[in-house]
1. Any residue in the stretch 83-96 that is at positive phi, modelled with pLDDT of 70 or more and surrounded by fewer than 18 Cβ atoms within 10 Å (Cβ to Cβ)?
2. From A306, A353, grab the single residue that is surrounded by 13 or more Cβ atoms within 10 Å (Cβ to Cβ) and modelled with pLDDT of 90 or more.
3. Restricting attention to the stretch 407-429, report how many residues are over 49 Å from the mean Cα position of the chain (by Cα), at pLDDT below 80 and either in a loop (DSSP other than H, G, I, E, B) or closer than 17 Å to L361 by Cβ (or both).
4. Is it the case that some residue within the stretch 157-169 is assigned by TED's automatic domain parsing to the domain that holds E104, surrounded by 13 or more Cβ atoms within 10 Å (Cβ to Cβ) and modelled with pLDDT of 80 or more?
5. Among the residues of the stretch 138-147, is there at least one that is surrounded by 15 or more Cβ atoms within 10 Å (Cβ to Cβ), touching a Ser or Thr at 6+ places or on another chain (Cβ under 7 Å) and among the basic types (K, R)?
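The values are calculated or read from the model by the stated rules, or taken from the named source; none is laboratory data. Just so we're clear, the structure is a prediction, and the values are computed from it rather than from any experiment. Neighbour counts run over all protein chains shown; Cβ positions are idealised from the backbone, glycine included.
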Amino acid sequence: MRTQFLLVASLLFAATMLVLGAWIQGRIETDWRQSAIAATGRFLDDALGDHVGELMSHPDPRSGETARWLTAEIGGNLGKEFAAITIWNPQGVQVFSTRRRAMEEALPPDVRTGVLAGETMVRPGGAAFHAERSAYMRVYAPVLDPATGAVAAIAGADQRSDEIDRLARAESLKTWPMVGAATVVMVGLLYLLVTNAAATIERQRAALVRQAQRARLLGRRSAVLARLAEQARHDAMVAIEKTLARVGSDIHDGPIQRLAILALRLGESESGRGPEPERGLEPGRGLGADLQQVVDELRDITTGLALPELEAEDLEGVIRLAVAGHEKITGRPVALRLGILPPQVRKSVKVSAFRIVQEALSNSFRHGGGTGQAVQAQAREGYLVLTISDTGPGFPEAPSQSGGAWPCLASLASRVEAMRGEIRLGRVEPHGARVEVLLPLGLRPARAAGPP
């Protein structure tokens with residue numbers, strides 16, 4: 001790629017320098033010709049200025065001394081450069097010519113006007129009037145009176161232009177070595193610049209590749225660590241539930257059994273006599289009955305701590321167990337509507353779904369009277385959506401998205417937050433309450449947002 005760029009850039013630069021060199025050559029040749037024309041004009045003025053008065057005043061300008069001198073000069077030294085010299089008076093009428101009919105008898109009006117204004121003018125020469133087959137240019141120049149400085153006559157000369165062209169070309173060709181040297185230097189500088197830039201870009205590209213590789217490695221490690229942390233959180237939740245279940249089992253098999261035996265023995269010993277009820281106990285009941293009431297309450301507590309066996313159940317079965325357990329305890333029916341649910345989910349999701357349905361129904365029963373209780377469950381866009389509602393009195397004020405406004409929902413909100421889920425509370429018109437919980441079905445190490 002670098003070689004191709006250098007080759008294309010070098011060709012473009014060389015072509016540009018060729019165009020520049022040709023332009024410079026043309027300018028030099030043009031300036032050289034303009035200088036030669038100006039020199040011819042000055043020569044004609046210098047050569048004829050002292051003689052033009054005599055020439056113009058002679059009755060026959062072509063036979064006077066000045067005419068013979070000019071003719072001799074043209075035939076001698078000046079003949080190498082000029083083919084003919086002609087003089088016109090200010091009115092544009094020819095008064096002298098070293099070669100008859102070599103130039104026009106009367107000047108063109110534009111030439112006469114320009115020369116009288118002090119300009120030196122040039123036009124292509126007429127080689128047909130001369131025996132030589134050389135290239136000519138016809139120069140018209142003003143001849144000034146030395147005494148007054150006014151234009152006394154107009155001089156014209158057919159000057160050989162091939163020599164001027166040769167000299168101009170020779171002079172212009174001297175620029176090409178400099179153009180070539182400048183081109184070589186500039187291409188060399190371009191090569192160094194491109195080489196250094198390519199090396200710098202290559203180093204930076206290699207550094208960026210290394211940084212990208214390190215970033216990808218760190219990203220993979222971070223993703224692995226995040227998934228491990230999320231998995232550990234799920235495992236911790238399951239472990240907590242197992243611990244609670246074990247605590248419930250220990251209380252049920254230990255203190256509750258002993259209290260039950262104690263209540264039975266006290267009941268037998270108190271049969272036949274009616275002691276006064278102690279303070280804080282119901283009148284008309286014995287100590288054994290009170291202990292039995294405590295045993296029943298502890299059994300209810302341990303029943304809430306211990307989970308049923310969820311390993312063999314799928315998500316639908318877990319939700320049905322939670323609803324059936326509530327119906328068994330309260331004796332109130334619960335309307336259950338299940339949508340499409342995934343057949344396999346993590347155990348932490350099943351445990352959380354069971355506890356959320358269980359706790360939401362319990363709160364609904366305690367605070368809403370348990371009227372019109374309903375549970376809906378469906379999977380939607382990677383979330384398990386649980387909706388528990390009733391037709392009770394509803395929430396006492398505008399619901400809070402966090403659930404923190406009602407202490408009875410604090411435990412439920414904490415469990416949902418631990419699962420990176422979302423809880424939404426609302427009213428059911430004309431009266432009633434609704435709790436909607438969104439639990440992610442996959443691992444979500446980042447803060448979860450509800451599905452769009």
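1. No.
2. Just one listed residue meets the conditions, A353.
3. Number satisfying all stated conditions: 1.
4. yes
5. Looking through the stretch 138-147, none of the residues is surrounded by 15 or more Cβ atoms within 10 Å (Cβ to Cβ), touching a Ser or Thr at 6+ places or on another chain (Cβ under 7 Å) and among the basic types (K, R).
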